Structure formats: C-alpha cells, structure tokens
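Asker: Just dropping this structure here.
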Amino acid sequence: MPSPSGHERDVNDFLTTRLRGLGLEVEEGEPLYPDSGSSAGNLYCRLEGNVPGTPIMLSAHTDTVPSEEEALPEPVIEDGIIRSASRSVLGADDKSAVAAIVFTLEQIVRNSTPQAGIELLLTVGEEGGLRGAKMSSLEGVAAKSGFCLDSTGPVGDVIVKSPSQKTVNATFIGVSAHAGVVPEEGRSAVRAAARAITAMKLGRLDEETTANVGIIRGGEAVNVVPDRCTVHSEARSHSREKLESQVAHMIDAFHLAAAEEEVDVELTVIDEFHGFDFSAGGLPIELAERAFTRMGLKTKRTSTGGGSDVNVFNLKGLPCVNLATGMERVHTPDEYISVESLYQMHEFLMALVVEARDVPDEDTAPVDTGGADAAATDESGTDAADADFTADGQMSF
Ligand SMILES: [Zn+2]
C-alpha cells in the first residue's frame, strides 16, 4: 500500500480499522493537506494500563518518500529478506515499525498482557519536514518516555544524539538584459549566487557540524543575463552555538555577494529541528537498554547526523529515544529489511512493556534533553517551523 507524504489516507484507514478491531478508540488529527482527498492526520490511541508502572508512548511514521516514476511497491521475500520487486521504495521506513508496533498491540490486547499503559502515535508527513510531529500536541499524553522506531541499523542500536538543523534559502534578484546586445545593463543573479557559495565554508566543518548547498535554480535562456537565482542550503550541528555561528556565516556570505554584484537578496531561515543528547542516560534509554538485555540482544548507543520525529517530541518536552528497526538502503528502490528484524522488534516491544512495569510512575522525573532551553534561546526572526510548534495548543494529533 503506497503512502508517500501527503497521501497517507489509505494506510491510515487500514490501521484505524485494525486498531478499532482491538476495541481501541482511535483519534485522527487534522490532515496535512485539508484540500486533498488522500491526505491524512496523525493517528493516536491509548491502551489503559492494567498494572502499576510507567506508561510509555510508541511512535512511527506512516508516510514514505515518493517512488521513482510513481512505481507501486511489490514486496517479495527471498532468503528471509523483504524487498520490493519494482522500482518503488519498499516502505520499511517506517512501516516496518508500524507493523511491529500494531502486531505487538494486537498480541497484548488478545492475551491481556499486564502493562502499565501504552500510547500509540503514528505520524504523517515525517519525510521532508517532520510535519505531522510538528502539528501534534503532546499535552494529553500520559507517557513519561517515548520510543520512536525509525532508524537504520541493526535492532539493538539506540540513537542517543542528534544534531539541530537550519535551512537557509536565498533568492537573488538582479536585472535581466540581452546577453549579447546590452550585457552591461544586466545584473546577474546567478553570478551573485556563485560568488556567495564560493565564499562559504561547506561540507564537514568539524566533528559536530556540517553544511551544504543542495539546490541552485536560476536562469531562463542562454542569451539572457539571469535576474533570478534561488539557493537552498542547510547547516547542522550537535552544538547549538556552532549552528548559529555557521548560519550567520552563510547569511553574511549571501549578503556580501549580493552587495558586490549589485543585486538584491531575500533570505529565509527555517528551524528544521532541534537536536537532543541522551549521552548521559535518561529513562527512555535505560528502559530500551534493559529491554534489549532482557531479550539477550546486543545493544549499542550511537548518534546520527539526521533528524526524525524524535527531535520534535523531545523539544515538546517528552523524553523520547529513536531506535533502529533493521531497515537498510532506505529512500532507494534497494530498500530492504529482514523478517528476523521484524520479529526482533516485536520481541523488543514485549520486553519493553515488561520493563516499564518495573518502574514506579512517581519515580519518573522529567529528563532535560536541552530541548526547552534551545527553544527559549532561538532568536531567528523568520522561523516557520517554530510557528508550527506553538500554533497548536490543543489535543490534536
Ligand atoms: Zn523514517
């Protein structure tokens, strides 16, 4: 069932039917694109606890990246490996996690497994902007720890650290002119963009910081001095200070190049996601590690250069960890996952439920992941993503 971002309707309907079949009340939030019939909102449901312990939230995203030539997934299993026979992405990112979570809930409900409260949040629009997570409100969530299953790597890997990311979009506005007749009357926006990019520090800047110019678009015809050029760039760092200083450097380079080439430049800075750091531990990490140990699986703490819904949930105040699902080569037609990884995820989730029973709810003090702090000190004036964070004060998933 294909579900590229913004077209999660079918998969949401399928999941809602499955979850309602367990007697659960399923809420769906506002659709990402209200005018599109195939758009959907986040799904939320709660399984009330039947024994003491700490409640947990499980999360995954139901959307995928779009496929090449809009091919449909054709899942096949060969030697224990699930892949798509077509040019489509398989969609294991992140439906492998969705499958493992829903299957586990079904087992728990059918067997009346003792558990201390489980909430499920399935987000839409994760790919390309964590949009569903940003739209969600976690105010009504009882869980003190969240577990997203949305990383590549073997089951057992626990992602404890992720950077913050900002996007810087620049539009150079020059003056067009005939390139052969009156070039001196033109002001080239492409030349200004080239000058800015040449002056920028890009690539891996230090252990914690990276920057990239990913898209340049400009020009209409070879014989016209181009009056428009847009540049899309990003910077990431595990240090908030280093991120701010790199973004300031990029903004300076855009402004300076515009002045030198006598063109205008318009800039937009978007706070894509905020980093988190659980290197020192925290309840979700400890619970995850205990669960892996319980099932006899090797566990490893690791960091990522990417962002996921976890970044948003931590910023919103729910300590949340990201876990590997065993999916590999994601976002490509070669994406695959082993059947064994799916079983391991299910086994892990069952072990997690057992471990959560052993933690008294009153012992679960909130963990400071730096998220709230980072939000308070963010001063970028054109912050579209942050507007999303605060615009929604209601219980809408
Ligand atoms: Zn994902």
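The values are calculated or read from the model by the stated rules, or taken from the named source; none is laboratory data. Just so you know, these numbers come straight off a predicted model, no measurement behind them. Positions of Cβ are generated from backbone atoms using ideal geometry, with glycine treated the same way; all protein chains shown enter the neighbour counts.
Asker: Only one of (1) more than 16 Å from the ligand (Cβ to nearest atom); (2) part of a loop (DSSP other than H, G, I, E, B); (3) in contact with a Ser or Thr (Cβ under 8 Å, 6 or more places away or on another chain) is not met by residue 90, so which one is it?
Answerer: (1)
Asker: Kindly list, by first and then second residue, each pair from a residue in the range 324-343 that is farther than 10 Å from residue 83 by Cα and among the aromatic types (Phe, Trp, Tyr) to a residue that is modelled with pLDDT of 95 or more and within 15 Å of the ligand (Cβ to nearest atom), limited to pairs with Cβ atoms under 9 Å and residues at least 6 apart or on different chains.
Answerer: Hits for this filter: 343/100.
Asker: Something else now. Of the residues 304, 299, 268, which single one is away from the ligand (no atom under 16 Å from the Cβ), in the same structural domain as residue 42 (by TED's automatic domain parsing) and in contact with a Ser or Thr (Cβ under 9 Å, 6 or more places away or on another chain)?
Answerer: On the way: 304 fails: away from the ligand (no atom under 16 Å from the Cβ); 268 fails: in the same structural domain as residue 42 (by TED's automatic domain parsing).
The conditions single out 299.
Asker: Let me ask another. Just checking, which of 85, 99 is within 16 Å of the ligand (Cβ to nearest atom) and assigned by TED's automatic domain parsing to the domain that holds residue 317?
Answerer: Details: 85 fails: within 16 Å of the ligand (Cβ to nearest atom).
The unique qualifying residue is 99.
Asker: Here's something else I'd like to know. Filter the range 55-69 down to residues that are at pLDDT 95 or above and more than 15 Å from the ligand (Cβ to nearest atom) and give me whichever is farthest from residue 311 (Cα to Cα).
Answerer: If we take residues in the range 55-69 being at pLDDT 95 or above and more than 15 Å from the ligand (Cβ to nearest atom), then 55 is farthest from residue 311 (Cα to Cα).
Asker: Of all residues in the range 271-284, count the ones that are more than 16 Å from the ligand (Cβ to nearest atom), touching a Pro at 6+ places or on another chain (Cβ under 9 Å) and among the hydrophobic types (A, V, I, L, M, F, W, C).
Answerer: Selection size over the range 271-284: 3.
Asker: Next question, about the same structure. Pairs under 7 Å by beta carbon, first residue touching a residue at least 12 places away in the same chain (Cβ under 8 Å) and on the phi > 0 side of the Ramachandran plot in the range 46-64, partner away from the ligand (no atom under 15 Å from the Cβ) and in a loop (DSSP other than H, G, I, E, B), six or more apart or different chains?
Answerer: Cβ pairs passing all conditions: 53/116; 53/358; 53/359.
Asker: Hey, among 130, 121, which residue is aliphatic (A, V, I, L, M), within 16 Å of the ligand (Cβ to nearest atom), surrounded by 18 or more Cβ atoms within 10 Å (Cβ to Cβ) and at pLDDT 95 or above?
Answerer: Numbers: 130 fails: at pLDDT 95 or above.
Just a single option satisfies the conditions, and that option is 121.
Asker: Would you mind stating whether residue 106 is more than 16 Å from the ligand (Cβ to nearest atom) and modelled with pLDDT under 95?
Answerer: Criteria not met by residue 106.
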